[in-house]
Amino acid sequence: MRNRPIVALIYDFDGTLSPGNMQEFGFIQAIGKKPQEFWQESDEIAMGQDASNILSYMKLMFDEARKAGIKLRKEKFKEFGKSVELFEGVKEWFGLINEYGKSQGVKVEHYINSSGLAEMIEGTEIGHEFKKIFACSFLYNAEGEAEWPGVAVDYTAKTQFLFKINKGILSIRDNKKVNESKEEDNKRIPFSHMIYFGDGETDVPCMKIVKMFGGNSIAVYNPEIKKKVNVAKKLLRQHRVNFITPARYTKESRTYEVVCAIIDKIRSDFALAKLTKSK
């Protein structure tokens, strides 16, 4: 048994850490479209060909960038990522919660589990805070330009990354180690040591799995948008999540209060488990 527990904070991105879809903070403007227009065209591709919504938006990004003469290199995606807006307190959140965990003898790790683009998330002000970003990404040719989707993450595919975090696997490609049987005590981060943050119904599979296996799921919401508030309340009413909180991440926020309380409980449960195994 480890000397101290590791707690994994796992975040969706769009609507959870950022108030909008990441493509809306620079990319869509660069191709000369409005957000509503872009997403409508993406939906039409998906519905017209009964295709993945994720692959449809990735194809549309690729096609529209080419029309606009924009070469989609990793550096360009990161450049767009620099413009992505974040909710109040997000930039300081990681230092705050890491420090609290340290004061309680708990190691805190942060992960992204998103249907957005990894390259853009890497370019945000918080991209360096994550142990691993599980998200969509492109394949690149010899000239360094995007030419094909490399990873497409829809809301059910996101669940596989929970099991990878559980076993300490950071490779997106891996499909062997994640399926190997392991004793619960040998898994790096038990589900009971996970906190999942999401904002909507596309997060339900992950929320449900984390909660079902003893972890905690939190539905965050933009308090200025009634629809978002109602979705969070619905998720709580349907027992999909343990808590709901406004999307604020300051030291004075309910989010901080809830997460600190969960960390306290994990620390206490870990100490009790050690005592039951000691002679």
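Quick grid of which residues meet (1) over 18 Å from residue 54 (Cβ atoms); (2) of a type in the set (A, V, I, L, M, F, W, C):
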{"position": "114", "(1), (2)": "no, no"}
{"position": "131", "(1), (2)": "yes, no"}
{"position": "134", "(1), (2)": "no, yes"}
{"position": "154", "(1), (2)": "no, no"}
{"position": "163", "(1), (2)": "yes, yes"}
Helices (runs of 4 or more DSSP H) wholly inside segment 116-235 containing at least 1 residues that are basic (Lys, Arg): 158-167, 204-212
Criterion (touching a Cys at 6+ places or on another chain (Cβ under 6 Å) and buried (at least 18 other Cβ atoms within 10 Å of the Cβ)) met by exactly one of 221, 196: 196
Pick from segment 236-279, criterion β-branched (Val, Ile, Thr) and assigned to a loop (DSSP other than H, G, I, E, B), ranking: nearest to the chain's Cα centre (by Cα): 241
Residue match in segment 56-64 (condition: hydrophobic (A, V, I, L, M, F, W, C), under 19 Å from the mean Cα position of the chain (by Cα) and assigned to a loop (DSSP other than H, G, I, E, B)): no
Filter result (touching a helix residue (DSSP H, G or I) at 6+ places or on another chain (Cβ under 7 Å) and hydrophobic (A, V, I, L, M, F, W, C)) within segment 144-169: 146, 152, 153, 162, 163, 169
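Yes/no matrix, rows are residues, columns are (1) touching a Ser or Thr at 6+ places or on another chain (Cβ under 9 Å); (2) surrounded by fewer than 17 Cβ atoms within 10 Å (Cβ to Cβ); (3) closer than 30 Å to residue 276 by Cβ; (4) outside the structural domain of residue 213 (by TED's automatic domain parsing):
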| residue | (1), (2), (3), (4) |
| --- | --- |
| 130 | no, no, no, no |
| 144 | no, yes, no, no |
| 161 | no, no, no, no |
| 165 | no, no, yes, no |
| 171 | no, yes, no, no |
| 177 | yes, yes, yes, no |
| 184 | no, yes, yes, no |
| 188 | no, yes, yes, no |
Among residues of segment 1-29, those that are touching a residue at least 60 places away in the same chain (Cβ under 8 Å) and either of a type in the set (Gly, Ala, Ser) or over 22 Å from residue 79 (Cβ atoms) (or both), counted: 14
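The values are calculated or read from the model by the stated rules, or taken from the named source; none is laboratory data. Keep in mind that what you see is a predicted model, and the values were worked out from it rather than measured. Please note: Cβ atoms are built from the backbone with ideal geometry, for glycine as well, and neighbour counts cover all protein chains shown.
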